[in-house]
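Down below is the structure, laid out as structure tokens.
The values are calculated or read from the model by the stated rules, or taken from the named source; none is laboratory data. Values in this document were obtained by computation on a predicted structure and should not be read as measured data. Here the Cβ is made from the backbone with ideal geometry for all residues, glycine too, and neighbour counts use every protein chain on show.
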Amino acid sequence: MLPAAAPGIFSAMMIGAGRAVGETMIVLMASGNTALMSLNPLEGLRSLSATIAIELPEAAAGGTHYRLLFLAALLLFAFTFLVNTLAEGVRTRLRRRYRRLEGGA
């Protein structure tokens with residue numbers, strides 16, 4: 001039963017990871033909301049979604065900072081779209097493979 005459920009489980013995990021990256025407030029709280037970057041991931045960080053949510057109200061409309069925040073939003077969208085597309089592709093391949101195995105047994 002687990003091989004038959006593997007494509008759905010994998011897809012759910014990948015979509016969940018994509019949603020967790022895109023979810024602003026939980027990532028903001030869980031990451032510590034530190035605007036400083038260091039090589040130590042335990043010191044805290046600020047995700048793209050948190051940066052957009054925090055800095056967009058303070059950015060001057062039409063300015064460079066404002067446009068960079070929209071570029072960050074576009075990159076976040078592209079990354080989430082790519083992860084979801086890859087997850088769907090892997091799910092489809094796994095489903096085909098397990099159908100072949102199921103039919104041959």
Index of the failed condition, residue 55 passing every other in (1) touching a Leu at 6+ places or on another chain (Cβ under 7 Å); (2) within 22 Å of residue 15 (Cβ to Cβ); (3) among the charged types (D, E, K, R): (2)
Return only the number of the condition from (1) modelled with pLDDT under 80; (2) touching a Ser or Thr at 6+ places or on another chain (Cβ under 6 Å) that residue 53 does not satisfy. (1)
